[in-house]
Amino acid sequence: MKALHHLLLWPILFVGMHANSQTDTIRDFKNQKSIQLNLGTQGIGVEFLYGILPKLALRGGVNAIPLKANDIFKIEDFNSTTHASADFYNVHVLADYTPFQKASWLRLVGGFAYFFKADGKVKITPSDNYTYGDLVLSEEQVGYVDLNVDWKGVAPYLGLAFANTFPRKKFNVSFDLGTYYLSKPKADIIGTGLLEGNSSQTAQFQSNIKNYRWLPIVQVNFNYKF
């Protein structure tokens, strides 16, 4: 959370510095090329940028974010362990447009990505035997519950970028703020053993998460022109 807070502050500080600096005019993007590494809320990635018009550049790239965490929450009166994971992998094509002649540090960005993997999973398993009256059930008899959500598919993107599209010399740092609108999620619940009845809650689970489609992007880019 602290790292995300710092990522959010950098673009704001950047805009503030440029608002009080000497006006920076747009240079011709056409035929300029660069490659950039990025780090942010969509993980780590790499992009290739190419200027196709004086104010317009295209970038294509890939990003990946594999996350895993254990015991992120507890269930009252049920000793259990939780294993959560989120795996988002995409290829994307974005267009960077610089609309203001005297503010080359501000860009509009739009495009789309194909998320060939975009899923979240939570597995809940008992951590010891479970007593039900005089009956003692083993962990295997109690079973486990899997909650799965999948956003795989095409997602449009819209956002802003800060700093020049291409470095004035060889290297610069830029920032992206925006969001993807993911495909409608597909969800299910799988239960085994004593917990098998939870599978019947799949429809309700699907309804509860149907509007969770926004993937905010806060990203820092390290750009090298060649």
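The values are calculated or read from the model by the stated rules, or taken from the named source; none is laboratory data. Remember, it's a predicted structure, so these values are computed and weren't measured experimentally. Using ideal geometry, Cβ is built from the backbone for each residue, glycine included, and neighbour counts are taken over all protein chains shown. Surface accessibility is based on the protein's heavy atoms, side chains included, excluding ligands, DNA and RNA. Shrake-Rupley method; radii C 1.70, N 1.55, O 1.52, S 1.80 Å.
Any chance you could look up the accessible area of residue 135 with a 1.4 Å probe, heavy atoms only, rounded to 10 Å²?
It works out to around 90 Å².
Taking amide H positions as placed 1.01 Å from N in the peptide plane, with prolines and chain starts having none, which residues 5 or more places from residue 143, or on another chain, fall under 5 Å of its amide H?
Result for residue 143 returns 194.
So what are the ³J(HN,Hα) numbers for the range 203-211, from phi and the Karplus equation (6.51, -1.76, 1.60; θ = phi - 60°), rounded to whole Hz, Gly and Pro as x?
Taking θ as phi minus 60°, the curve returns 4, 5, 4, 4, 5, 5, 10, 4, 9 Hz for the range 203-211.
Once the whole set of protein chains is in place, how much accessible area is left on residue 33, using a 1.4 Å probe, in Å² to the nearest 10?
Spelled out: residue 33, probe radius 1.4 Å, area about 70 Å².
Could you provide, to the nearest whole Å², the per residue accessible area of the range 96-213 with probe 1.4 Å?
55 Å²
Rounded to the nearest 0.05, what FRET efficiency do residue 48 and residue 85 have when you use their Cβ-Cβ distance and R0 = 22 Å?
It comes to 0.15.
Return the label of the correct value of Rg and Dmax of the Cα atoms in Å, as calculated from the structure shown, out of (i) 20.1, 67; (ii) 22.9, 79; (iii) 24.6, 77.
Label of the calculated value: (ii).
Round to a whole number: what % of the accessible area of the chain belongs to carbon and sulfur, probe 1.4 Å?
Result for the chain: 63 percent of the exposed heavy-atom area is carbon or sulfur.
So if I restrict to the alpha-carbon atoms in the range 77-158, what is the Rg, and what is Dmax, the biggest pairwise distance, in Å?
In order Rg, Dmax, the Cα atoms of the range 77-158 give 23.3, 78 Å.
So, in Å, what gap is there between the alpha-carbon centers of the range 187-226 and the range 40-88?
12 Å
Under the rule of at least 5 residues apart or a separate chain, name every residue whose amide H is placed under 5 Å from the amide H of residue 44.
Long-range HN contacts for residue 44: 64.
In straight Cα distance, which aspartates and glutamates are under 17 Å from residue 170, not counting same-chain residues fewer than 8 positions off?
Partners found: 28, 47.
Add -39500 (n - 2.57) for each DSSP H run of 4 or more in the chain, then divide by its residues: what number comes out at 222 nm, to the nearest 500 deg cm²/dmol?
One gets -4000 deg cm²/dmol as the mean residue ellipticity at 222 nm.
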